[in-house]
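So the structure is just underneath, and the comments pick up after that.
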Amino acid sequence: MSSWLIAIDGGGSTCRAALAGPDGEIVSRGLAGPANVATDPQQAAANIVAAAQGALAEAGLPAGALSACPALLGLAGARQLGRDGRSLLSLPFSQVELVGDGEIALEGALGPHDGIMAILGTGSTFLARQDGKIRSVGGWGVHLADQGGGARLGREALKSALLSRDGVRPRGVLAETLLAAFGDDPARMVAFAGSARQADFARHAPAVFDAAKAGDSEAEALLAAFTKEVEEMLAALVWPGCRRIALMGGLAPLYAPRLAPPFAGLLAAPLGDALDGAVRMGQRAFFTA
């Protein structure tokens, strides 16, 4: 049995790796690009290996040591792949356990406690644990789900900016900011959208929050609609007696102050992050008899 575990938190924008011992102590970390296994399995596999090798290098271990390490992979897109998802990944680990990024985030955010966890990043997913049972809503990807997700928000913001340039909508702070990013050239924006990955769209999401703070009506309308989506997902999971909702992901601190009182009153800081959750789940999978 290996003395080391590789834990992976693979999201739509970045892939993080941790090298940990049987006791769960993280000794080193690695970082690479996106690892959404549903949208681009080959890219995900390459970035998983790159992040894991980075963690090994930081610990002074050779890259070949990966073949002796079991790996717990918490990946965006895992839910869409279903049970056969791991067959799409050719990975050099001794064993592989594949779960969704929401599952490791839930474990990291809540520890052993009941509650609700929402990932609000490039995409989104929402999970609840009640009396040991886990329920989930959303998490079906950018085309049909990702309520509140940054990729969808960024794409809708670009659409709004083009409409503003054409005089269909008011040209405010949001439109000026996004058009300026493309040299006020709509053809450049359209070309970008034609080849952009979800992480590329998501990079424009924070501009919507900034513009709303500046009083931009188009940005505020977008955020009102997207915040309502988030609240609908939370409402589907909350139950009488629920005591905590933990928000995670890059957009979490931006959405938090916009939530209605029933949800805002339950917000609690995550106990840990998704990588912490992946390590704990890996301990149980590979080191617990």
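What the table shows:
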quantity: Residue count, segment 96-116 (criterion: over 19 Å from the mean Cα position of the chain (by Cα) and at pLDDT 95 or above); calculated: 2
quantity: First in segment 53-82 and over 18 Å from Gln283 (Cα atoms), second anywhere and in a strand (DSSP E or B) and of a type in the set (D, E, K, R), Cβ under 7 Å, 6 or more apart; calculated: Glu58/Arg29
quantity: Whichever residue in segment 252-270 is of a type in the set (Gly, Ala, Ser) and surrounded by 12 or more Cβ atoms within 10 Å (Cβ to Cβ) and, among such residues, is farthest from Ala219 (Cα to Cα); calculated: Ala268
quantity: Any hit, segment 98-105, residues being of a type in the set (Val, Ile, Thr), surrounded by fewer than 23 Cβ atoms within 10 Å (Cβ to Cβ), farther than 26 Å from Ala51 by Cβ and touching a residue at least 40 places away in the same chain (Cβ under 8 Å); calculated: no
quantity: Count - residues of segment 153-187 that are in a loop (DSSP other than H, G, I, E, B) and among the hydroxyl-bearing types (Ser, Thr, Tyr); calculated: 0
quantity: Among residues of segment 99-154, those that are over 15 Å from Gly277 (Cα atoms) and of a type in the set (A, V, I, L, M), counted; calculated: 7
quantity: Failed criterion for Arg83 (all others in (1) out of contact with any Lys or Arg (no Cβ under 8 Å at 6 or more places or on another chain); (2) modelled with pLDDT of 95 or more hold); calculated: (2)
quantity: Among (1) among the aliphatic types (A, V, I, L, M); (2) at pLDDT below 95; (3) surrounded by fewer than 20 Cβ atoms within 10 Å (Cβ to Cβ), the one test that Ile119 misses; calculated: (3)
quantity: Extreme residue, surrounded by the fewest Cβ atoms within 10 Å (Cβ to Cβ), among residues of segment 106-116 that are more than 17 Å from Leu251 (Cα to Cα) and either in contact with a Lys or Arg (Cβ under 8 Å, 6 or more places away or on another chain) or touching a residue at least 60 places away in the same chain (Cβ under 8 Å) (or both); calculated: His113
quantity: Residue match in segment 217-239 (condition: exposed (fewer than 14 other Cβ atoms within 10 Å of the Cβ), under 18 Å from the mean Cα position of the chain (by Cα) and not charged (D, E, K, R)); calculated: no
quantity: Every residue from segment 130-142 that is farther than 18 Å from Ala35 by Cβ and surrounded by fewer than 22 Cβ atoms within 10 Å (Cβ to Cβ); calculated: Gln130, Asp131, Gly132, Lys133, Ile134, Arg135, Ser136, Val137
quantity: The lone exception for Gln198 - which of (1) at pLDDT 95 or above; (2) over 30 Å from Ser94 (Cα atoms) it fails; calculated: (1)
quantity: Filter result for the condition that a residue is within 28 Å of Leu251 (Cα to Cα), under 13 Å from the mean Cα position of the chain (by Cα) and surrounded by fewer than 24 Cβ atoms within 10 Å (Cβ to Cβ), over Ser13, Ser28; calculated: Ser13
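For every residue, the table says whether it meets (1) charged (D, E, K, R); (2) without any contact (Cβ under 8 Å) to a residue 60 or more places away in the chain.
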{"residue": "Ser94", "(1), (2)": "no, no"}
{"residue": "Leu144", "(1), (2)": "no, yes"}
{"residue": "Ala151", "(1), (2)": "no, no"}
{"residue": "Pro170", "(1), (2)": "no, yes"}
{"residue": "Gly183", "(1), (2)": "no, yes"}
{"residue": "Arg188", "(1), (2)": "yes, yes"}
{"residue": "Ser195", "(1), (2)": "no, yes"}
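The values are calculated or read from the model by the stated rules, or taken from the named source; none is laboratory data. This one's a predicted model, so the numbers in the text were calculated from it and none came from an experiment. Counting neighbours? That spans all protein chains shown, and the Cβs are built from the backbone with ideal geometry, glycine included.
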